[in-house]
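Worksheet: the structure to be examined is printed underneath.
The values are calculated or read from the model by the stated rules, or taken from the named source; none is laboratory data. Owing to the predicted nature of the structure, the values given are computational and were not obtained by experimental measurement. A quick note on method: Cβ atoms are made from the backbone with ideal geometry, for glycine too, and the neighbour counts reach across all protein chains shown. The protein model used for the area step is the full one, side chains on, heavy atoms only, and it has no ligands, DNA or RNA in it. Shrake-Rupley method; radii C 1.70, N 1.55, O 1.52, S 1.80 Å.
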Amino acid sequence: MIGHAPAVLGVDSGIRLLAADSPQLNAHVDCYGPLPAVTPALIDAVAEAGLRGRGGAGFPMARKLAAVASGRKPIIVANGAEGEPESRKDAVLLTRAPHLVLDGLFAAAAAVGSRSCRLYAPAAVLESVRQALAERCAAGFEEPEVELTAAAETFLAGEKTAVLNRLAGRAAVPRDLLFSTSKSGLEGRPTLVQNVETLAHLGLIARFGPHWFRTAGTPEEPGTMLITLTGTAREGVFEVPAGIALPEVICGLGGTEPTGLRAVLIGGRHGTWVSSGALAHTTLSEAGLRHVHASPGAGVLRVLPRGQCGLYLTAAITGYLAEQSTRQCGPCRNGLPRLAAGFADLVHGDGNAGELEHVAGLVEGRGACHHPDGTARLVRSALTVFASDIQLHRRGTCETAMHAKRIGALQ
Ligand code: SF4
């Protein structure tokens, strides 16, 4: 499903994250021009641009840059581990525009005075990065070496502390932080872990400046973002301006008829279900999704067409999330299996929605990472959006769930 040409609606500058004809260096330089010399002044330009992280947390990048710049011998880590099974944007970026990510990585390093660069991504996409680095070396670019590490293939592999564990040679599991990683991360050194899409935006801001970056998006959330659209007639990775109307994304880009739309899971498996009725006045930004208690996260939008069972799908995802926990903390060892079993009971016509709400409340805010919180968010939103379906399951009259079960579509 990877590979639809990205469309940038409402952006006229012609500059796109995936605009180069090929991943090769000459096409990259033809498209964007060379990366100019970078100084610490880039940090102020990033603050002016208002660039926020595109990996899910949405933290202002300039603050992260400034934090590591104040320490000794900082390390910059480009994080391309999506974890989320539906997400493809970082893989597309690393295979189709690896030089833009590398530009951003080297620009970040130069801005904070670092010579230590790491790139962490699934093994399947590292080859394109290796080739890009070889091309730059052959072209005589004088840049720091980049150490490549294959990411674990787990849901939590891209979580910041899991990344640091993996880079240190340990299992890629999250851990409690005693200190901020910008003060003491890898090898005890200040460490910036930054999503690869965010770095690609940085590579463009270093060339075209903050004013250009703000020509897309909203004043509060400027720029474009990559999204992964699934469950639509046209699936794929698309580049859209922040603040775009969601119906324009799902029906315009995705080609789904408004009448064929039941709900959308916004923000991936840790995300929030939003009903089709609530989408009409909803835009793809933190501010535009707040009223439906959702967030763009890392840009995964999973559409549930009419005729498919949201409870059934949520039960499958909750079971997956329970399995993917690293079982280090109480909420994951005890609470997530209870949520998964309780949701499966609902699908089978038993179960108790009130009990699920209660357990969701018990796990929230009690893990070393946000895995229990994200799982609780998913469960709660499903109980709200698909509330009327619970009765259908009690009566055994949800045709779509029975059909899905018969064909083994979801385990
Ligand atoms: S909250 Fe869950 S996933 Fe996160 S570290 Fe603890 S056990 Fe692992």
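Values as computed for the structure displayed
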{"read-out": "Pairwise FRET efficiency - residue 59 versus residue 327, Cβ, R0 = 25 Å, nearest 0.05", "value": "0.35"}
{"read-out": "Convex hull projection area averaged over all views, the range 310-407, Cα basis, nm²", "value": "5.6"}
{"read-out": "Estimated 222 nm signal from helices in the chain, with DSSP H stretches of n ≥ 4 weighted -39500 (n - 2.57), rounded to 500", "value": "-12500 deg cm²/dmol"}
{"read-out": "Of all DSSP beta bridges in the chain, antiparallel share, percent nearest 5", "value": "50"}
{"read-out": "Check: the range 25-213 dipole with +1 on Lys, Arg Cβ and -1 on Asp, Glu Cβ, in debye", "value": "540"}
{"read-out": "Fraction of accessible area attributable to carbon and sulfur, the range 25-213 (%, probe 1.4 Å)", "value": "53"}
{"read-out": "Accessible area of the range 291-411 belonging to carbon and sulfur atoms, whole % at 1.4 Å probe", "value": "52"}
{"read-out": "Mean Cβ count within 10 Å, highest first, over the residues of peptides 191-203, 104-116", "value": "191-203, 104-116"}
{"read-out": "Mean Cβ count within 10 Å, highest first, over the residues of peptides 232-239, 182-189", "value": "232-239, 182-189"}
{"read-out": "Mean Cα-pair separation over length for the range 25-213, i.e. relative contact order, pairs under 8 Å, 6 or more apart, %", "value": "33"}
{"read-out": "Solvent-accessible heavy-atom area per residue, rounded to whole Å², over the range 25-213 at 1.4 Å", "value": "40"}
{"read-out": "Solvent-accessible area per residue, Å², over the range 214-351 with all protein chains present [probe radius 1.4 Å]", "value": "36"}
{"read-out": "Candidate aspartates and glutamates - alpha carbon under 13 Å from residue 89, same-chain residues fewer than 8 apart omitted", "value": "197, 235, 239"}
{"read-out": "The range 69-183: C-alpha gyration tensor shape, a/c 1.5 cut-off, then a/b vs b/c", "value": "oblate"}
{"read-out": "Kirkwood hydrodynamic radius of the chain, from inverse mean 1/r over distinct Cα pairs, in Å", "value": "21.9"}
